[in-house]
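Below is one structure, written out as structure tokens, with a few remarks after it.
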Amino acid sequence: MNDLAMDLVRLCLHNRDGSMATQANRRRGLSAAAADLYQLGFRVPKATSLKPKHVTALVDYWYGQGITTATVKNRVGWLRWWAEKVDKSSIIPRDNLELGIRNREGDQRNRAWSLPPNFSLPDARMVLSVRLMQAFGLRVEEALKFRPRQADAGSVIRLQGSWTKGGRAREIPVRTFAQRALLDEAKYLVGANSMIPPDDTFIRHRRRLEHETLKRGYTNLHGLRHRYAQNRYRDLTGWECPKTGGPAAGQLTEAQRTADKAARAAIAEELGHARVAITVVYLG
């Protein structure tokens, strides 16, 4: 048992939430997660050292091992408990979809939506951040930490690892005049800074954004990433994805299957996912 596993056992013994069976399952599950992190090359010294990249790595690893979505959800529940007990609840997204976890196997509901023409918030930085989510498929954290002047490389935007989930730097193509205009607008507003006001912190600003969007009925900002993925699929293949009424996998010709596979790989990369299979959440 490594140092992290021992520290997690102590954390479990100190916080006896739930029945005896629940406690035992949680203790075993967290010890196994510590072992998985060690195997993945992470040397996490203690429970308070938990970071977003550890959560992302575990979810990707579990799916790579063929673990079912239901089991992954249970394990992430243990990670949420761990994060809560060390006062780090905010490092794990509340929505499982942001971790690439499906709501249930075979779920074909389309969660994509687009911003209305009259979309507004009380803060110009917030408005631009949300528009960046839609235009480039960014996560909330990425859109807030985004530095437009640093990211803009002409034909692509380059996201730094320090802005992204799991620390995975990536590039996203700039394909349209609307995207270019949005980048220029963001650069004009914040200069060399991020989209977070200079006198604010990431956590406070994110909470304010969530409060203001929820107050206006926008309950699922992650749905903007779904819309981006679906638009990109149509651009790359020439037809709609299954979630927007396009053909199912079994209806594709051999040439279409090749195009489908290439499109999904490109979209997974642009969204910052290590697993191409996760595109089924966005595309069907």
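Annotations
- Filtered residues of the range 264-282 (kept if touching a Lys or Arg at 6+ places or on another chain (Cβ under 6 Å) and either modelled with pLDDT under 90 or in a helix (DSSP H, G or I) (or both)): I267, V276, T279, V281
- Residue within the range 120-137 that is free of Cβ contacts under 8 Å to residues at least 24 places away in the same chain and not hydrophobic (A, V, I, L, M, F, W, C) present: yes
- Of the numbered criteria (1) within 21 Å of P52 (Cβ to Cβ); (2) modelled with pLDDT of 90 or more, the one R131 fails is (1).
- Qualifying helices (runs of 4 or more DSSP H) (wholly inside the range 1-68; at least 2 residues being among the β-branched types (V, I, T) and closer than 22 Å to L97 by Cα): 52-64
- Unique residue being under 16 Å from R131 (Cβ atoms), touching an Asp or Glu at 6+ places or on another chain (Cβ under 9 Å) and free of Cβ contacts under 8 Å to residues at least 40 places away in the same chain when the list is L183, L221: L183
- Failed criterion for K261 (all others in (1) within 26 Å of L115 (Cα to Cα); (2) of a type in the set (D, E, K, R); (3) assigned to a helix (DSSP H, G or I) hold): (1)
- Hits in the range 254-271 (condition: touching a strand residue (DSSP E or B) at 6+ places or on another chain (Cβ under 9 Å) and buried (at least 22 other Cβ atoms within 10 Å of the Cβ)): L271
- Qualifying residue in the range 187-208 (condition: of a type in the set (A, V, I, L, M) and free of Cβ contacts under 8 Å to residues at least 24 places away in the same chain): no
- In the range 39-59, the residues that are over 15 Å from L8 (Cα atoms) reach residues that are part of a helix (DSSP H, G or I) and hydroxyl-bearing (S, T, Y) with C-beta atoms within less than 8 angstrom, at least six apart or across chains, in these pairs: L40/Y61.
- Counting only residues that are surrounded by 14 or more Cβ atoms within 10 Å (Cβ to Cβ) and under 17 Å from E141 (Cα atoms), the range 184-199 holds 7 of them.
- Residue identified as under 22 Å from L236 (Cα atoms) and assigned to a helix (DSSP H, G or I) among A143, A178, A186: A178
- Restricting attention to the range 209-228, the residues that are of a type in the set (K, R) and either in contact with a helix residue (DSSP H, G or I) (Cβ under 6 Å, 6 or more places away or on another chain) or buried (at least 20 other Cβ atoms within 10 Å of the Cβ) (or both) add up to 2.
The values are calculated or read from the model by the stated rules, or taken from the named source; none is laboratory data. What you see is a predicted model; the values in this text were computed from it and never measured. A quick note on method: Cβ atoms are made from the backbone with ideal geometry, for glycine too, and the neighbour counts reach across all protein chains shown.
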